[in-house]
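The values are calculated or read from the model by the stated rules, or taken from the named source; none is laboratory data. Just so you know, these numbers come straight off a predicted model, no measurement behind them. Cβ coordinates were reconstructed from backbone atoms using ideal geometry, including for glycine residues, and neighbour counts include every protein chain displayed.
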Amino acid sequence: MLQENYSHDPQTQYNESQTAVDITNNSHTGFAIEGELDRLKELILSSSHIPLTELAIVDRELLLEQILQIQENLPIELGTAVEIVNRRQEIIADAQGYACLIVKSAEEKAHQIVQESAILRQAELDAAKIRLRIEQECEQLQQATKTEVARLKQNAIAECQDIEEDVDLYADRVLKDLEERLAQMLTIVQNGRQQLDL
C-alpha cells in the first residue's frame, strides 16, 4: 500500500538520508575545537607561577600560536556545524513524510478492521482497560500531590513559628538592653540631682 502512494520505498529513502548525515558528521575530523581549547587551558595552567601572587608566566609565542590555530579553524568548524544542522532538517522532513505515509496506510487498514465486530469489541475492551488504568494513575497522582502539599504546608507553618520565636527573642533582647540603658541614665540623672541639692 505504501508503494502505491510513493515513487520508491520510503524506508530505503530514510536509510539513505541517515547515511548522508553520518557521512557529514565524519567529514571533518582533523580539528576538534574542544581539544584545542583544552590545550589552550593546559598551556595556561601549566605555566610557571610567580611566588606569592596569582600571576603566571606564559610563553607568549605558544599562546599566540594556539589562539591562531583556533581562529583559523573555528570558521571551518562553524560551517561544518551549520551544514550538519541543515542536513538534519532534511532528514526530519523526510522522516515526517515517511511517517505521514505510515499514518495514512494505518488509517486505511484501521477502517477495514473496524468493520469486523469481534476486533471492534476487543478494541473497546482494551480502550476501557487503558481508561481505567489512566484514571487510577491520575487518582494516585492527585493523592501524592495532596500529600506533598500538606507536607509543604506543615513545613511552612513550622518555619513561620521558628521565625516568630526568633523575632520575639530578638525583641526581648533589644527591650532588655534599652531597659538597662534607661536605668543607667536614670541613675545618672538621680545622682546629678542629689549633687545639685547639696
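Tell me, please, whether a residue that is over 31 Å from the mean Cα position of the chain (by Cα), at pLDDT 90 or above, in a helix (DSSP H, G or I) and of a type in the set (D, E) can be found in region 148-161. Within region 148-161, not a single residue is over 31 Å from the mean Cα position of the chain (by Cα), at pLDDT 90 or above, in a helix (DSSP H, G or I) and of a type in the set (D, E). A106 meets the stated requirement of being surrounded by 11 or more Cβ atoms within 10 Å (Cβ to Cβ) and either touching a residue at least 12 places away in the same chain (Cβ under 8 Å) or in a helix (DSSP H, G or I) (or both). Taking region 91-141 as the range and being of a type outside the set (A, V, I, L, M) and in contact with a helix residue (DSSP H, G or I) (Cβ under 8 Å, 6 or more places away or on another chain) as the test, the residues that pass are D94, G97, Y98, K104, S105. Restricting the search to region 63-85, which residues are farther than 17 Å from L43 by Cβ, of a type outside the set (A, V, I, L, M) and surrounded by 11 or more Cβ atoms within 10 Å (Cβ to Cβ)? Within region 63-85, E77, G79, T80, E83 qualify. Search region 77-131 for residues being among the hydroxyl-bearing types (S, T, Y) and at pLDDT below 80, and hand back the single one that is farthest from A32 (Cα to Cα). Per the stated criteria, the residue is S117. Of all residues in region 44-62, those that are of a type in the set (D, E) and loosely packed, with under 10 Cβ neighbours inside 10 Å total 2.
Test of understanding: among A95, A99, which residue is in contact (Cβ under 8 Å) with a residue 12 or more places away in the chain, among the aliphatic types (A, V, I, L, M) and surrounded by 12 or more Cβ atoms within 10 Å (Cβ to Cβ)? Explain how you work it out, then say what you get.
Numbers: A99 fails: in contact (Cβ under 8 Å) with a residue 12 or more places away in the chain.
The unique qualifying residue is A95.
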